[in-house]
Amino acid sequence: MSATLPERVDAGRMVAARREFRGSLAVASLPRLADVLADDRGRVEYELEFGRETGVAFVALRASARLNLECQRTLGIFQHPLDVDVRLGLIEHERDEAALPAGYEPLLLENGTLQPARVIEDELLLALPAFPVKPGSEALPEVQNEEAAREDNPFAVLRELKQRK
């Protein structure tokens, strides 16, 4: 087990050694993730475990973080807990994806290697909500009566003209 995460690893050697990495990364060190967040503060705790099961080379990834997102309903900033637990089947070619058993997501290697921090970042990006909404935020209040709806709706006049014809 190691707390230092190498920039690039030979996947075959990591699988053969059943290597594990545990530690934390600054959110600021993951530029693609930091770009979609409200700010780049915080840390990502991770565990990477390489192995082989039923003939499938894999890396198991567990990661957790509390990320600052912008609520799409209120535009306020809130902390969103994010937990990732995925088993990635290591493949050399895209055609190998079909051979992966259920429960494995494909991870395409680059010349037999992978970048662990990039894998962590990719999986966190995939786990982010498409439209973050702060829990407990209320929807915009609905218009109380017809008159208020008519005043607020720029097409209300057109609807009235159409009804008169």
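The values are calculated or read from the model by the stated rules, or taken from the named source; none is laboratory data. Keep in mind the model is a prediction, meaning the values are calculated, not measured. Neighbour counts run over all protein chains shown; Cβ positions are idealised from the backbone, glycine included.
Worth pointing out:
- The set of residues from the range 53-93 being of a type in the set (Ser, Thr, Tyr) and over 30 Å from residue 18 (Cβ atoms) comprises just one member, 74.
- Count of residues meeting criterion [in contact with a Pro (Cβ under 7 Å, 6 or more places away or on another chain) and assigned to a helix (DSSP H, G or I)] in the range 1-40: 0
- Residue count for the range 111-134, restricted to those that are closer than 22 Å to residue 73 by Cβ and either touching a residue at least 12 places away in the same chain (Cβ under 8 Å) or not in a loop (DSSP other than H, G, I, E, B) (or both): 8.
- Breaking point among (1) exposed (fewer than 12 other Cβ atoms within 10 Å of the Cβ); (2) on the phi > 0 side of the Ramachandran plot, for residue 112: (1)
- In the set (1) part of a helix (DSSP H, G or I); (2) within 16 Å of the chain's Cα centre (by Cα), the condition left unmet by residue 45 is number (1).
- Count of residues meeting criterion [surrounded by fewer than 18 Cβ atoms within 10 Å (Cβ to Cβ), more than 17 Å from residue 115 (Cα to Cα) and touching a residue at least 24 places away in the same chain (Cβ under 8 Å)] in the range 19-37: 1
- The test for being touching a His at 6+ places or on another chain (Cβ under 9 Å) and either at pLDDT 95 or above or not in a helix (DSSP H, G or I) (or both) holds for residue 69.
- For the range 113-136, the tally of residues that are at pLDDT 95 or above and more than 18 Å from the chain's Cα centre (by Cα) stands at 2.
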